[in-house]
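To start, the structure itself, in structure tokens.
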Amino acid sequence: MRPAQPDGSSVNGHPTSTKYQTEDSVEVKLSFVRYDATELVFEVEIGNDSKRPVLIEPASFFYAPIDTAVALRPSAQPMLPRIAAINPETRLKTLTANLETEAAKAEKVSWFEIATTVTQVAESVASIKKKETEAQVVEREERHASTNAYFANQREQHAQNADDLYNQHQSSQSVLLRTAKLPSGEYVSGQVNFPRTDTARRLRFVLFYNERPVTFDFNQTPEKVSYSPMGELVQAH
């Protein structure tokens, strides 16, 4: 994935496409960062040299897969499918909700665990009146211990999930481009995620400030890739 016209300074080693809107004195840079399993990750930088704030709403950004021939003839451009950017506020809210759910499960004793504990106590009390063999006593105690360990592991897993979600939330807050009014004389940068498309050889990205569109074209060379069960790229050829 590379800009069709790389004409800006690189961002973290990635070629950048830059558009300076002279009528508004606003500069917009777009660079490709990486492929995730189901997403395209881009870096956006917007500098405001105007005398008034500009509104930035990443959720309004989108791209359209286009044919190279059509891209060279904008006047012949047909209606294109729009693939909207992933709303950063929605992503953060989802992470927060999932974090709260996992944290609650890590601390809460489920009704199933309570019922199982009651059953274990009843079984242990009943065993007093029975003439259990040593092997039966060992089997019962090991079974109870195994069941208790299962519930403890479940809570530990939920606690780990909560930790992972917390880290994701903190990272997303720091790297995602958020909705904001950018003051005069300042700039902002952050990542914008889009649903992934592999087959199109050219993608046309449309970013907005003050509802004014700024267009960038990127060329893509489709590749065969493999992923681990966790969704991480492990091979490309």
Given H placed on each backbone N at 1.01 Å, which residues far from R196 in sequence or on other chains put an amide H within less than 5 Å of it? E39, L40
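Pop the C-beta distance of L55 and D163 into the FRET formula with R0 = 35 Å and round what comes out to the nearest 0.05. Mind showing how you got there, number by number?
On the way: r = 36 Å, r/R0 = 1.02.
With a Förster radius of 35 Å, E is 0.45.
Could you give the size of the charge dipole of segment 152-202 about its Cα centre, using +1 on the Cβ of each K and R and -1 on the Cβ of each D and E, expressed in debye and rounded to the nearest 20?
So the magnitude is around 360 debye.
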Computed from the beta carbon distance with a Förster radius of 30 Å, FRET efficiency for A152 and T96 to the nearest 0.05 stands at 0.70
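Only the coordinates and a few stated rules stand behind these numbers; no lab work does. Being a predicted model, the structure only gives us computed values, none of them experimental. Positions of Cβ are generated from backbone atoms using ideal geometry, with glycine treated the same way; all protein chains shown enter the neighbour counts.
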